[in-house]
Structure formats: structure tokens, C-alpha cells
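Step one of this worksheet: look at the structure below.
The values are calculated or read from the model by the stated rules, or taken from the named source; none is laboratory data. As the structure is a prediction and not an experimental result, all values here were calculated from the model. Heads up, the Cβs are rebuilt from the backbone with ideal geometry, glycines too, and the neighbour counts pull from every protein chain shown. SASA here: full protein model, heavy atoms, side chains in, ligands and nucleic acids out. Shrake-Rupley method; radii C 1.70, N 1.55, O 1.52, S 1.80 Å.
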Amino acid sequence: MQTKNIIRLVLFQILYIIIPLAASAGTLIEVKGVVRDSVTNETLPFASVYFKNTTDGIMTDEDGKFSLKSASDNKTLVVSMVGYKEKQIKLKDGGKTNFKVLLAPETYELSEIVVKPQKERYSKKNNPAVDFVKSMIDNKKADDPKNHDYYSYEHYEKLTLALDNFTPEAQKMWNNKNFDFMFNYADTSEISGNPILTVSLKETLENVYFRKSPKTEKRLVEAVKRDGIDEILPQESVQVLMDDVFKEVNVFDDEIMLMTNRFVSPLSTIGPSYYKYYLLDTLLIDGEKCVNLGFAPFNSESFGFVGNLYVTMDSAKFVKHARFNIPKDINLNFVQGMRIEQDFGKMPDGSRILLKDNVFVEFKLTANSQGIYAKRLNSYRNHSFEPPQNMSIFKESATIVEANDAKDKTEAFWEENRPDPINEKENAVKQLLVELRKVPIFYWTEKVVFVLTSGYIPLEGTNSRFDIGPMNTTISSNKLEGLRLRTGGMTTAYLNKHWFLRGFGAYGFRDNEWKYNAELTYSFTPKKEYPTEFPVHSLKAVYEYDINELGQHYLYTNKDNLFLSVKRLDDDRITYLRKAEVAYKQEFYSGFSYDIALRNTTEYATYMVPFWQESADGELTSLDNYSMSEAEFKVRYAPNEKFYQTRHNRFPVNFDYPIFTLSHSVGQKGVLGADYTRNLTEFGFQKRFWISIFGYTDIILKAGKEWNKVPFPLLIIPNANLSYIIQPESYSMMNAMEFLNDQYASWDITYYFNGYILNRTPLLKKLKWREVISFRGLYGSLSDKNDPALSSGLFLFPNGSYKMSNMPYMELGVGLENIFKILRVDYVWRLTYRDHPGIDKQGLRIRLHVTF
């Protein structure tokens, strides 16, 4: 179900669930028209059209046409484009709403070079603007502050989420007078001038320390303040998500990561092939004469920016100010508009320093829904190239170190240390929530949202000591158990910060058997809420009796997830498994972790999977079960990994950095009741590779080998996906336990085009679909010692299980994502082993995929 992508947007969706505002607020103004060159009468694509002093605006399409709606009371329409004089149009009540706007070309002079932009005559060759930019690109590293051995500064961040256009007309949309008080907290946007209602406010004050060699960056968080509707979510995980969505922008990088996408920077090395550049007017900034460098991407649907860089006219070509936004037609979900503003200063040695980095975004789930106004303000001061007084900061294992009293700072502290004062309405979020929670409909809606996003029901409110769940496993079904009902829960750190208990009980109405699980975890480090909080350092004991679905590995969800109960094929490869395990785990801030586990298992045959053992003389014996005792050693290295942490699971925020895993399981026959000797080694690698404007590729590679003679349940069984839902690291057209191997190598390669092709296709580009191609495969083999036809003492393979030939198993999927902004649909072909009976050769697969 791609839970990680759903969670990325829950911060914005939650506002719509909890606050039942109607589709729009205020009376809409709608204007249409076309923009043309007043001299040539040619239409002007990508001109900016907006209402004055508001964020309501668009860009003209390729034919110079525009259509703009706004709930603002401002009646002045502004039309502008680089290389043309700005035009303002006063709108009259009841007047015409379809305009022909003529813009007059403007000629600018720079260093005796005259540039006059003309429609469709842009050329990179002999273009002074391109030469100017290339010079900036060649020298952009020269004034990088990180050229110094040490670099430190103080960083203040304020992140605000608010309901936009919170006009008095919105009050008419409420059916409950208990919400009237909310309009007492309405504020005014300093960008658009529209009324807004702040519903979330986060402030962070930290000191950042950089060391060139060995390259190290540490952040010492002195103070944190969080208030808002989203506080029902795990706040550390929320911060990770917001940091990924609103990354600090470095315009000097080749790529800028925002909204979980990569944008091409106007100062990228490929910039001249991606952007059109214009040398515009000159002006004074802080007493220095600067040139206004305008830029816009060749393709307005691509991930680039439209904006201006204000650059000194001396040989240093120093960027004093940057202001840019996204094109109107960009294939970016839920973002109606975004503006980025940056101010730079210069140190005595000429090094540039960032002073301000501000991002303003308007989100909308649908075009007619209430907008969410997001503002992230970053201020930087006290820059220094001297070594820090306390060099021990570089010895800290964590990249981000939070002071013990960071969350306890008084309002007086914040008033003294904020770079800019905060207004009273913006600072009243906590009081707003206090009043909201007095309203029953809000109180209970908030509880429901909590259950939907966490999967658990707390017994005692926010600081519950015991949670019931996960709720998506309460009811499910499979062929062996029939209808399966399950209930369970877990303790939290509010009961004890070191000891945690977790378990469930389940009953199958077809097999009439109880299944159960009990886990006791001791955390060597105190936890804030749950035992899986990073970094884990724990000892866990588990005792469990449950079904075992052979050939199905549920890597990203529970096996009894309700949504996986509907399958394309009956799962007829189920046994019972009893397990007792003791596991030790330790994680480090470097990304390295290791696990050591000791386990004893007994697997029981069923009518679906009988254990028929053939002796050397050909006699068959039916076994009820077999037992194994083994030790498993696993190491994992995932540098710079970021994930969203829930009560029991982690969902990666991105795969930009590599993940390596290596494990070995060993068991000796006769030791602790083991019936067999085994040695299983497996290796894994996973990474996302960005291909700039062409999208990105997710690659997962795995290999493994079973070194000993073992029965088929202990062989390597590929992960077959029997559901209709697309799942990574699984095979959509393979049957459960179809192939049995004792050595294998597999690949899972998925290429996301990010709409690169469809964005350039007339008509289709309006749908904003995105192309996906996947190619999965597995090459495996079975040695003679593990082939029951060639070696005695093994279990006979069930019908429908095969050895692989020299041909690998392969699947090819071609799909579209971003359908209705929430769906991905793939058509998958099975390329090999198509002669096996009872298989699917091709079919449609779907997944809920919510992303920007």
C-alpha cells in the first residue's frame, strides 16, 4: 500500500479531516485571456499573471492563454514577463473578464551588451546571458564557505502551517456555532494579505558546526517548540518528514531537493541546456550594482524554476539575492504555488554566507478545496570560520544532538533569541487547540484520525500506557484458517521506559485453532514512547505459534493485513510454526547496526503441505513436524538513512543513500533439538539513483546460498505476491513456492520517469500521469544434494514446485502512476517459465501511491 508515501501527505490531509471546511471560501473572481507581444502580436508563453499583493497566480500556457480564479478582494491584475514591461489592469465589478493583454518589449543594457528577448528566437549560441551564467557556474565553488577548515553558524527555523483564505465567508460553511471562536485567532498572511488561521507552529534554534577534514557536520539543537494539530503524530518522525519535504535550498548545487523531488538548479552544470537565461535591468542592492538575471525552463512541465538571481557586476559575480518559483504547468501534486527567497552576505575574505532562506507554499488536495498555506523561514547569523570552542561536538555519535532542556525553554527565552519577533496570533496555536478540543466533534474526530494514522487505539489518551492494535489485522482470511479474528496490543514508555510487552491472540474459524504471540523487550536506553525508536539497543524474547505462508514474505506489512486478504490465487502453501527466540540488536548513528538471534522452531505439516520423507530404499514416511535450532548474525549499513517511525514499523523517507545487508544463519544437527545442519548466507544492496531531469531508478539486488543438505521448507523460496497490489521485492506472476533453490541472485529495478515523456505529449500532459517501468528477475539453482529426486532423506517437493533451469525467472511491468494523484497501475508480463500449469502469464496490478 506504499504506507510511506501516504504518511508523507498525512500532515496536510489531517487538516482537511479534522477541520471540515467546504470546497472554497469567499466569492470567486475569474479572469481569462491571452498575452501577446505588442510589436509582433505573437503570443507569449510562460508569462506571469497574478492578482496584486496575493499568491493567486499562474503562468500562460504555450499559446499565451491563461485562466485564473481567486477569492481575494484585490481587483488589480498584474501581467509580467522577463524582457517585457509589467502591465497592471484594474478590474471593474461586472466588467469584462476575457482580456487581450499586450506587453511592450523592453531593451536592457549591460556592459555595453544589448539583449532584447524575442519569442521563439532564443538561442544559447552567442547569447551573453548564457556566457554570464557559465562564468557563474565555473566559479560557484570559489566562494563556498565550506572551503574553510571549519565553518559554524546559528540557525533559526520557523515552520508554519495555516488554512489559507480564512475569510468571514468561511464561517457560513460551519454548521456548529461552537467553532465561532476560531475567527478570533485569524491572522493575515504577510505574502498575500489574505486572512489565514495558523494550525501548526514549529520553531527550532540550533548551532551548526562543519569540519572539512575529516568531513563532519553536527547540529546542536538548543531549543525546540512545537504546537499544532499534527502533534497527534510522532513528532520526531514528523520532523524527519518535514525536513525531507522542506529541505534547505542551496541554489549553487546542481540539484535542489524539495517536496521529495529533485529540481534542476538554475546554476546547475546542465543549466544552459535546461534553462533560458535573460540579462535584464540593473539595480542597487546594499550599495552594490547588480544585474537581474532572469531564467525559465525550456519545458514548463519539468522540474525547474522560474525566477531571478541578482548578481554583482564585478568579476566575482556574487549572488546577493535569489527569488524563484515553480512553473504553472509543473507536474507536481498538491502544490498550487511555491516561492523561494534567499539573501546572501559576504565575509571579509569573500566567502558567501546564507542569511535567509525562506519558502512559501500553498497546498491544495483538489483545485476547489481549502488551501493550506505553509511557510518555512530560515535565518542564519553568527557565522565563523574559527574552530568551535568545544571541539568535543565532533565526537558526538549523532549528527543532531538535542539539549536535554531543549523542549523546556520559556517564552522569555524565545523572545530574546528569535531573530525576528513572532506575532500574537501565530503564537496562539496551543490556546486554539485547547478550545478546539472542548468541542466534542473535534475531540472525537481527532481520535479517529489518530487511529487511522497510527493503526492503534490508545486506552488512556495522548500518554497512553497501553495501545490496542494494529487495527488493520483485526479481521482477515486465508484458505487454511478461513475467517481469522485477531486482537492484540503493546505497552508504551509511559508505563516503563525500558521494559515493553507486546502480543496478540488470533482464532481461525475453519481450522478451529488459536494462534498467539508474546514479546518482551528490554531497552538498554530509555525510550520516549516505543521500543523501536532509533537508535535501538535492546534484548527481546519472543514466543509465538502461528501460520507460516511459505513463499510469501511480508516485508512491508503484516501477513494478516485485511487489504491483502483478496488474492489472485488461493494460498495453498501454509503450515503451522512454533517459534521461541531471543534477539539482541544495536543500532548506531553512523547507520551501522547488527543483530544476533538464537531461535528454536518447530514447523508442522498440514494437508496443504505434507512432509513426505523418502528413505534410501524408496520407502515413504509421513512426518508430522521437524525442528530447528539456529543462530543468526546480521549486519546492516545504511548511512544517512531517514525514516518515518511508527509504533512498530519504520517506513523509509527516501532511498538516496545505499543500504547494505549481510546475514548468516547456522544450525547444527542434534544441538538443542535441531533435526538438520544448515548454513545460510544472504547479501543485499538497495539504492535510488537519480538521473537528473529524466527521473530516478530504484535498484534492489540480493544473493544467497544454503550450504548444507536441508528439506524444502529450509531452502530459499522466492517471494511470490499473490495479491493484486504492487509490492517491492516480490514477483507478481509467480506462484507461492513455485521455485525451490539453494542458491540465487535476484534483481528488482524500477525506473520512474517522473512524467518526462508524457509531460511533452500534447493533451496527455494535462493528465499529469507519470511513466513507470519495472524489471524483476531471479536466477537460482538447486544442487543435487538438495534434490529429493537425486538425494535420499529429504521431503518430497509438493506438486507445483520446481527446480529452475539455466533460464532466470523474469517479469516486466509497464505502468502509469499519479492517476487521480493517488493510484499506480501496472500491466505485468511473465517472460519466462510460461509453460508451468496454473500460473498467471500477465495481468493488472495496482497500488495506492500518494506523492508530490
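Just to be sure, is GLY793 within 30 Å of ALA616 (Cβ to Cβ), out of contact with any Ser or Thr (no Cβ under 9 Å at 6 or more places or on another chain), open to solvent by less than 60 Å² (accessible area, probe 1.4 Å) and part of a loop (DSSP other than H, G, I, E, B)? Give the derivation first.
Working: within 30 Å of ALA616 (Cβ to Cβ): yes; out of contact with any Ser or Thr (no Cβ under 9 Å at 6 or more places or on another chain): no; open to solvent by less than 60 Å² (accessible area, probe 1.4 Å): yes; part of a loop (DSSP other than H, G, I, E, B): yes.
No, not satisfied.
Residues are listed down the side, and each one gets a yes or a no for (1) among the acidic types (Asp, Glu); (2) open to solvent by 40 Å² or more (accessible area, probe 1.4 Å):
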{"site": "GLN552", "(1), (2)": "no, no"}
{"site": "ASP560", "(1), (2)": "yes, no"}
{"site": "ILE574", "(1), (2)": "no, no"}
{"site": "ALA597", "(1), (2)": "no, no"}
{"site": "THR602", "(1), (2)": "no, no"}
{"site": "ALA605", "(1), (2)": "no, no"}
{"site": "GLU619", "(1), (2)": "yes, yes"}
{"site": "SER622", "(1), (2)": "no, yes"}
{"site": "LYS634", "(1), (2)": "no, yes"}
Within the range 36-55, does at least one residue satisfy the condition of being modelled with pLDDT of 80 or more, open to solvent by 10 Å² or more (accessible area, probe 1.4 Å) and either hydrophobic (A, V, I, L, M, F, W, C) or not in a strand (DSSP E or B) (or both)? no
Only one residue in ASN818, ASN786 is polar (S, T, N, Q), open to solvent by less than 20 Å² (accessible area, probe 1.4 Å) and on the phi < 0 side of the Ramachandran plot, so which one is that? ASN786
The condition from (1) closer than 18 Å to ILE717 by Cβ; (2) modelled with pLDDT under 95; (3) in contact with a strand residue (DSSP E or B) (Cβ under 9 Å, 6 or more places away or on another chain) that ARG847 misses is numbered (1)
If you go through the range 444-469 one residue at a time, how many are at pLDDT 85 or above and open to solvent by 20 Å² or more (accessible area, probe 1.4 Å)? 6
Checked pairs for the range 424-452, first assigned to a helix (DSSP H, G or I), second open to solvent by 40 Å² or more (accessible area, probe 1.4 Å) and of a type outside the set (A, V, I, L, M), C-beta under 6 Å and 6 or more apart or across chains, list as TYR443/ARG437
Out of the residues in the range 271-302 meeting the condition of being under 23 Å from PHE344 (Cα atoms) and part of a loop (DSSP other than H, G, I, E, B), tell me which one is least open to solvent (accessible area, probe 1.4 Å). GLY287
Among the numbered criteria (1) at pLDDT below 90; (2) more than 28 Å from PHE344 (Cβ to Cβ); (3) open to solvent by 20 Å² or more (accessible area, probe 1.4 Å), which one does LEU436 miss? (3)
Pull out all pairs, ordered by first then second residue, where Cβ-Cβ is under 8 Å, the residues are six or more apart or on different chains, the first lies in the range 770-787 and is within 13 Å of MET804 (Cα to Cα), and the second is of a type in the set (S, T, N, Q) and at pLDDT below 95. ASP784/SER791
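Kindly check whether there is at least one residue in the range 618-641 that is closer than 30 Å to ALA398 by Cα, modelled with pLDDT under 95 and either in a strand (DSSP E or B) or among the polar types (S, T, N, Q) (or both). Don't jump to the end; show me each part of the working.
We begin by selecting, within the range 618-641, every residue closer than 30 Å to ALA398 by Cα; these are 632-641.
Going one step further and asking which of them are modelled with pLDDT under 95, we end up with 638-641.
Restricting the remaining residues to those that are either in a strand (DSSP E or B) or among the polar types (S, T, N, Q) (or both) gives 640.
Looking through the range 618-641, at least one residue is closer than 30 Å to ALA398 by Cα, modelled with pLDDT under 95 and either in a strand (DSSP E or B) or among the polar types (S, T, N, Q) (or both).
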Kindly provide the set of residues from the range 308-333 that are closer than 30 Å to PRO762 by Cα and either open to solvent by less than 10 Å² (accessible area, probe 1.4 Å) or assigned to a loop (DSSP other than H, G, I, E, B) (or both), ordered by number. PHE324, ILE326, PRO327, LYS328, ASP329, ILE330, ASN331, LEU332, ASN333
Test THR487 against the criterion of being open to solvent by 80 Å² or more (accessible area, probe 1.4 Å), closer than 21 Å to LEU452 by Cα and not basic (Lys, Arg), and give yes or no. yes
Checking ASN640 against (1) under 22 Å from ALA703 (Cα atoms); (2) in contact (Cβ under 8 Å) with a residue 24 or more places away in the chain; (3) open to solvent by 60 Å² or more (accessible area, probe 1.4 Å), which test does it fail? (1)
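Within 30 Å of LEU715 (Cβ to Cβ) and either β-branched (Val, Ile, Thr) or at pLDDT below 95 (or both): is that true of LYS479 in this structure?
Here the answer is yes, as LYS479 does meet what is asked.
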Do the conditions hold for LYS515, that is, is it farther than 16 Å from ASN548 by Cα and among the basic types (Lys, Arg)? no
